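Before any comments, here is the structure.
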Amino acid sequence: MKAIDMKHIYSNRNYKGNWVAMIDFETRPKVVAYAKTLHEVLEKANEKGYIHPAVTQIPKKILPIVGII
């Protein structure tokens with residue numbers, strides 16, 4: 001599976017610290033709803049007709065991860 005480019009989602013300041021519901025996750029993710037809580041974002045997505053969207057929480061601050069292999 002190829003890497004998924006989510007820069008356009010992580011760089012959007014409206015999504016920082018919020019939950020986002022996405023469709024077309026395997027090609028180019030498109031946000032269909034966002035909210036402060038998981039319950040709210042699922043309700044908003046459901047109201048728009050998206051029953052099982054991919055959901056993730058966007059961190060307020062992106063920090064580097066360093067590891068040793």
- Solvent-accessible ranking of H52, H8, largest area first, probe 1.4 Å: H52, H8
- Message: I'd like to check one number: the per residue accessible area of the chain, probe 1.4 Å, reported in Å² as a whole number.
- Response: 81
- Among the listed pairs K36/K61; K30/K61; K7/K48; K2/K30, those beyond 19 Å (Cα-Cα): K30/K61; K7/K48
- Got a sec? Charge dipole of the chain, +1 on Cβ for Lys and Arg, -1 for Asp and Glu; which of A35, G67, F25 is way out at the positive end? G67
- Query: Hey, what did the chain get for relative contact order, percent, Cα under 8 Å, at least 6 apart?
  - Reply: 33
- Item | Charged-residue dipole, Cβ positions (Lys, Arg, Asp, Glu), the chain about Cα centre, Debye nearest 20 | 340
- Could you compute the FRET efficiency for D24 and L63, with r as their C-beta to C-beta distance and R0 at 25 Å, rounded to 0.05? 0.35
- Stretched out fully, how many nm does the piece from L38 to K16 gain, at 0.36 nm a residue minus the Cα gap? 6.5 nm
- Item | Identified option (computed Kirkwood radius over Cα pairs in Å; candidates (1) 12.8; (2) 11.9; (3) 12.5) | (1)
- Task: Per DSSP H run of at least 4 residues, take -39500 (n - 2.57); add these up for the chain, divide by its residues and hand me the 222 nm value, nearest 500 deg cm²/dmol.
- Result: -5000 deg cm²/dmol
- Message: Tell me the carbon and sulfur percent of the accessible area for the chain, rounded to whole percent, probe radius 1.4 Å.
- Response: 56
- With axes computed from alpha carbons, what is the tilt in degrees of helix 38-47 against the longest principal axis of the chain, rounded to the nearest 10 within 0 to 90? 50
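The values are calculated or read from the model by the stated rules, or taken from the named source; none is laboratory data. None of the values given here were measured: they were computed from a predicted structure. Note: ideal-geometry Cβ built from the backbone for every residue, glycine included; neighbour counts use all protein chains shown. These area figures cover heavy atoms from the full protein model, side chains too; ligands, DNA and RNA do not enter into them. Shrake-Rupley method; radii C 1.70, N 1.55, O 1.52, S 1.80 Å.
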